[in-house]
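Only one structure is covered here, and it is reproduced in the block below.
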Amino acid sequence: MASPLEQFEIVDLSKPLFMIGKVPITFTNSAAFMFAAVGVASIFLIAAGSRKQLVPGRLQGLAEMLYDMVAGMIRDNVGDAGKKYFPFLFSLFIFILFGNMLGMIPYTFTFTSHIAVTFAMAFAIFIVITLIGIFKHGLHFFSLFFPHGAPLATAPILIPIEVISYLSRPVSLSVRLFANMTVGHVLLKVLAGFVVALGIVGGWVPLLVLVGITALEFLVAFLQAYIFTILCCIYLNDALHLH
Amino acid sequence: MAAGEKPPSLDELDARVKAAQQVQERRVGKPGGGPRGGTEKIGVGLRIGIELVAGVVVGTVLGLLLDRWLGTKPWLLIVGFLLGSCAGFLNVYRVAQAEEARRKTAAASEAKDQSRSP
């Protein structure tokens, strides 16, 4: 029987395109599904926006719901200063959401189940948000690392703790998405293995569980995209309005 | 709509949409704020565990790297682990605090809604 981890295998779909140092860069299934996510998302949003009705139909309603959700998220967590980051945060949300959802289709590859992908996203966002904070507040930005009104004598302990806490953000952000997607997909594969192993006699029980877990996985796929984006909003807010 | 009848104005439509939304809100809660109820709680639960671990891991790895760089094995590893644990707890504390604040504002706005409508 196929290993439950086989679904995460990276397969080269092309000859090496070019080299970065000694690492050959090829077009992999992971890259293919990233393109697919962007493509499907673009088709969905363009189709949803093509009719522009006052009373939205199903497709337009869905797109408006996603738009409203991200807009509300930025309004609640960042405020008016966050408005100009809406395009980026919306794209981020849609990219992760469609990556997760495409991964729920059997035989597809889930690119968000690789720490390399999620950490690259989280780390890039972390760097950009830190730079936004530094450009906006100058050196005053570093007051983020020392709580307001704490006695100066506690600085040698508090500052390292705050710095570590700050550096742990991209780690928790990326591990959360990666771990949730990986665990969910492994769980589905293992349970599906039980169905086959127990056959027509006892296979019904894991099959029922599998149906429930599949529904849960759709929830997780959506929720993780939501959490990733809302945390980016919260971090952006910290950088813009130093608390 | 019968022929000759004037199409409803946008204001009228707006009022009708608002009324329908209020009925819906009373039934299933406020929309637009993303997932709510049980879904939201799962989200918070998933967050907290990883926040704790991330602090410890980052602190420990930082200590290890500094040790290798400065040749102070194993002291900075130990310090890094302890500070990282503190940072992990700080992360969890912040998540819990933000959650508490949000719950309070939600409860307050709900109470206001109820006092407004008889």
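Within region B:53-68, if we keep just the residues that are more than 7 Å from chain A (Cβ to nearest Cβ) and open to solvent by less than 60 Å² (accessible area, probe 1.4 Å), the residue that is nearest to the chain's Cα centre (by Cα) turns out to be B:Val56.
Could you check region A:133-147 and list, in sequence order, the residues that are open to solvent by 100 Å² or more (accessible area, probe 1.4 Å), under 22 Å from A:Cys233 (Cβ atoms) and without any contact (Cβ under 8 Å) to a residue 24 or more places away in the chain? A:Phe135, the sole residue that qualifies. Looking across region A:15-43, the residues that are under 28 Å from A:Ile94 (Cβ atoms), open to solvent by less than 90 Å² (accessible area, probe 1.4 Å) and in a loop (DSSP other than H, G, I, E, B) come down to A:Thr26, A:Phe27. Filter region A:58-71 down to the residues that are facing chain B (nearest Cβ under 9 Å) and open to solvent by 90 Å² or more (accessible area, probe 1.4 Å), then identify the one that is farthest from A:Phe222 (Cα to Cα). It comes out as A:Asp68.
Which count do you get for residues in region A:135-168 that are outside any helix (DSSP H, G or I) and touching a Leu at 6+ places or on another chain (Cβ under 8 Å)? Count: 3.
Suppose we filter A:Phe18, A:Phe44, A:Phe27 for residues that are at pLDDT below 85 and either within 18 Å of the chain's Cα centre (by Cα) or of a type in the set (Phe, Trp, Tyr) (or both); which single one remains?
On the way: A:Phe44 fails: at pLDDT below 85; A:Phe27 fails: at pLDDT below 85.
Among A:Phe18, A:Phe44, A:Phe27, only A:Phe18 is at pLDDT below 85 and either within 18 Å of the chain's Cα centre (by Cα) or of a type in the set (Phe, Trp, Tyr) (or both).
Pick from region A:72-84 the residues that are within 14 Å of another protein chain (Cβ to nearest Cβ) and surrounded by fewer than 17 Cβ atoms within 10 Å (Cβ to Cβ): which of them is nearest to A:Leu242 (Cα to Cα)? Among those that are within 14 Å of another protein chain (Cβ to nearest Cβ) and surrounded by fewer than 17 Cβ atoms within 10 Å (Cβ to Cβ), it is A:Arg75. Among the numbered conditions (1) open to solvent by less than 80 Å² (accessible area, probe 1.4 Å); (2) within 14 Å of chain A (Cβ to nearest Cβ); (3) under 29 Å from A:Asn237 (Cα atoms), the only one that B:Ala107 does not meet is (2). The single condition from (1) at pLDDT 90 or above; (2) more than 13 Å from every other protein chain (Cβ to nearest Cβ); (3) open to solvent by 20 Å² or more (accessible area, probe 1.4 Å); (4) touching a Leu at 6+ places or on another chain (Cβ under 9 Å) that A:Ile105 fails is (4). Of the residues making up region A:160-177, those that are among the hydrophobic types (A, V, I, L, M, F, W, C) and at the interface with chain B (Cβ under 7 Å from one of its Cβ atoms) are A:Ile161, A:Ile164, A:Leu167, A:Val171, A:Val175.
Filtering region A:178-201 for residues that are more than 12 Å from chain B (Cβ to nearest Cβ), free of Cβ contacts under 8 Å to residues at least 60 places away in the same chain, among the small types (Gly, Ala, Ser) and surrounded by 15 or more Cβ atoms within 10 Å (Cβ to Cβ) leaves a non-empty set. Residues in region B:46-92 that are modelled with pLDDT under 90 and among the basic types (Lys, Arg): B:Arg47, B:Lys73. A Cβ distance below 6 Å, combined with a sequence gap of six or more or placement on separate chains, defines the contacts here; from region B:42-58, residues that are farther than 20 Å from B:Leu83 by Cα reach residues that are open to solvent by 40 Å² or more (accessible area, probe 1.4 Å) in the pairs B:Val44/B:Glu99. Checking the structure you have, find out if any residue of region B:69-91 is under 14 Å from A:Ser172 (Cβ atoms) and under 17 Å from the mean Cα position of the chain (by Cα). Looking through region B:69-91, at least one residue is under 14 Å from A:Ser172 (Cβ atoms) and under 17 Å from the mean Cα position of the chain (by Cα).
Table: residues versus (1) over 20 Å from the mean Cα position of the chain (by Cα); (2) free of Cβ contacts under 8 Å to residues at least 24 places away in the same chain; (3) under 29 Å from A:Ala215 (Cα atoms).
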site: A:Ala63; (1), (2), (3): no, yes, yes
site: A:Gly79; (1), (2), (3): yes, no, no
site: A:Tyr85; (1), (2), (3): no, no, no
site: A:Gly103; (1), (2), (3): no, no, yes
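Every condition in (1) of a type in the set (A, V, I, L, M, F, W, C); (2) touching a Phe, Trp or Tyr at 6+ places or on another chain (Cβ under 7 Å); (3) touching a residue at least 60 places away in the same chain (Cβ under 8 Å) is met by A:Ile159 except one, and the failing one is (3). The set of residues in region A:44-57 that are over 30 Å from A:Tyr235 (Cβ atoms) and either in a helix (DSSP H, G or I) or open to solvent by 40 Å² or more (accessible area, probe 1.4 Å) (or both) comprises A:Ile46, A:Ala47, A:Ser50, A:Arg51, A:Lys52, A:Gln53, A:Leu54, A:Val55, A:Pro56.
The values are calculated or read from the model by the stated rules, or taken from the named source; none is laboratory data. No experiment lies behind these values; they were computed from the predicted model shown. Note that we place each Cβ from the backbone using ideal geometry, even for glycine, and neighbour counts take in every protein chain shown. Ligands, DNA and RNA are stripped out before the accessible areas are found, and what is left, the full protein with its side chains, is counted by its heavy atoms. Shrake-Rupley method; radii C 1.70, N 1.55, O 1.52, S 1.80 Å.
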